[in-house]
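Asker: Quick one: the structure is below, questions incoming.
The values are calculated or read from the model by the stated rules, or taken from the named source; none is laboratory data. The model shown is predicted, which means the values in this text are computed figures rather than measured ones. Please note: Cβ atoms are built from the backbone with ideal geometry, for glycine as well, and neighbour counts cover all protein chains shown.
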Amino acid sequence: MYRFLIIILFPPSLAVAQKVDTAYINSNNEPVDKNVATYYVVNEGVGRKFTGTISKFDLSNKLIEKTSYIKGKIEGPYRIFNEEKSLMLKGQYLNNQKAGTWSLVDLKGDVIGMEVYDLKGALLREINLNSIENKIYYNVHEPAQFKGGRKAWNEHVKKNLRFPREATKAKKKGKVLIQFYVMKDGSLMNFETVRSPHSSLSDEAIRVIKAGGDWQPGKINGRLVNSIRVFSVTFNSLMF
């Protein structure tokens, strides 16, 4: 599988208020003046034990790396591009360790490889998907769908979706976007939140999607394929 040079950029230890800081660095990630810099780094976070994100860009403003932190630990979504910007490695960190499924994505958005980690950061297996049969496609002719279509999905949501207490207390509602893989056999895997008003809404949206069972796989030229699906679940005021 392709290798990426992952150099985690650690946050400033004295950040005490929500703010955005920009710093310039060289190819060795050392601080330098702007006029001799190779990259710049944007810190967005809060607290002495940093919670937020650190994003690394090249001087043409293309994202190179994005790391999430919770209370000083690397936790949450992570993204890194290779030097040619032709491949992206993405996954989740848990307590400073890689966890779950990490995906290697090409310029078309197709997944061509995966790495699977346990919750302690140990690599369990590598999966090469760089073939017509195994690739996970971003663009397909017939998108994967809930079995029974939109009508069946609406009935499933009506019976099973619950408004989380945490979101009610926080007075959060709205649309949640979840991305996941629908495999050729209809099984679902690798759920992640694209956008959400509140983390509890994301958790509930994923729970309801999983509870619906296998999906109808996507197709290319009539052939069943593994595909990437971005799906929305809406939480509105009528559910309070």
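Asker: Just to be sure, is GLY91 touching a residue at least 24 places away in the same chain (Cβ under 8 Å), part of a strand (DSSP E or B) and over 19 Å from LYS56 (Cβ atoms)?
Answerer: Answer is no for this residue.
Asker: Could you tell me whether the stretch 182-193 includes any residue that is part of a loop (DSSP other than H, G, I, E, B), over 19 Å from VAL111 (Cβ atoms) and not assigned by TED's automatic domain parsing to the domain that holds LEU104?
Answerer: Just the residues of the stretch 182-193 that are part of a loop (DSSP other than H, G, I, E, B), to begin with: 183-187.
From what is left, the residues that are over 19 Å from VAL111 (Cβ atoms) are none.
Within the stretch 182-193, not a single residue is part of a loop (DSSP other than H, G, I, E, B), over 19 Å from VAL111 (Cβ atoms) and not assigned by TED's automatic domain parsing to the domain that holds LEU104.
Asker: Starting from the stretch 210-235, keep only residues that are free of Cβ contacts under 8 Å to residues at least 60 places away in the same chain, then list their pairs with residues that are among the small types (Gly, Ala, Ser) and in a strand (DSSP E or B) whose Cβ atoms are within a distance under 8 Å, requiring at least 6 positions of separation or different chains.
Answerer: From residues that are free of Cβ contacts under 8 Å to residues at least 60 places away in the same chain, the pairs are LEU224/GLY218.
Asker: Condition first: in contact with a Ser or Thr (Cβ under 8 Å, 6 or more places away or on another chain), surrounded by fewer than 17 Cβ atoms within 10 Å (Cβ to Cβ) and in a strand (DSSP E or B). Can you find one or more residues in the stretch 102-113 that meet it? Walk me through it before giving the result.
Answerer: Of the residues in the stretch 102-113, the ones in contact with a Ser or Thr (Cβ under 8 Å, 6 or more places away or on another chain) are 106-107, 111, 113.
Then drop every residue that is not surrounded by fewer than 17 Cβ atoms within 10 Å (Cβ to Cβ), which leaves 106-107.
Narrowing further to those that are in a strand (DSSP E or B): 106.
Yes - at least one qualifying residue is present in the stretch 102-113.
Asker: Still on this structure, I have one more. Can you pull out every residue in the stretch 35-82 that is β-branched (Val, Ile, Thr) and within 25 Å of THR101 (Cβ to Cβ)?
Answerer: Those that are β-branched (Val, Ile, Thr) and within 25 Å of THR101 (Cβ to Cβ): THR51, THR53, ILE54, ILE64, THR67, ILE70, ILE74, ILE80.
Asker: What number of residues within the stretch 125-181 are farther than 17 Å from MET114 by Cβ, of a type in the set (A, V, I, L, M) and surrounded by 16 or more Cβ atoms within 10 Å (Cβ to Cβ)?
Answerer: Selection size over the stretch 125-181: 7.
Asker: Looking at the stretch 179-234, which of its residues are β-branched (Val, Ile, Thr) and under 14 Å from ALA144 (Cα atoms)?
Answerer: Those that are β-branched (Val, Ile, Thr) and under 14 Å from ALA144 (Cα atoms): VAL182, ILE209, ILE220, VAL225, ILE228, VAL230.
Asker: Can you say whether LYS184 is in contact with a strand residue (DSSP E or B) (Cβ under 8 Å, 6 or more places away or on another chain), under 24 Å from ASP214 (Cβ atoms) and of a type in the set (Lys, Arg), as far as the supplied structure shows?
Answerer: yes
Asker: Sort through LEU104, LEU123 and tell me the only one that's in contact (Cβ under 8 Å) with a residue 60 or more places away in the chain, farther than 24 Å from ALA205 by Cα and of a type in the set (A, V, I, L, M, F, W, C). It would help to see each step written out before you state the result.
Answerer: Details: LEU123 fails: in contact (Cβ under 8 Å) with a residue 60 or more places away in the chain.
Residue meeting the stated conditions: LEU104.
Asker: Could you tell me whether any residue of the stretch 205-219 is part of a helix (DSSP H, G or I), of a type in the set (A, V, I, L, M, F, W, C), outside the structural domain of PRO77 (by TED's automatic domain parsing) and under 14 Å from the mean Cα position of the chain (by Cα)?
Answerer: Yes, some residue in the stretch 205-219 is part of a helix (DSSP H, G or I), of a type in the set (A, V, I, L, M, F, W, C), outside the structural domain of PRO77 (by TED's automatic domain parsing) and under 14 Å from the mean Cα position of the chain (by Cα).
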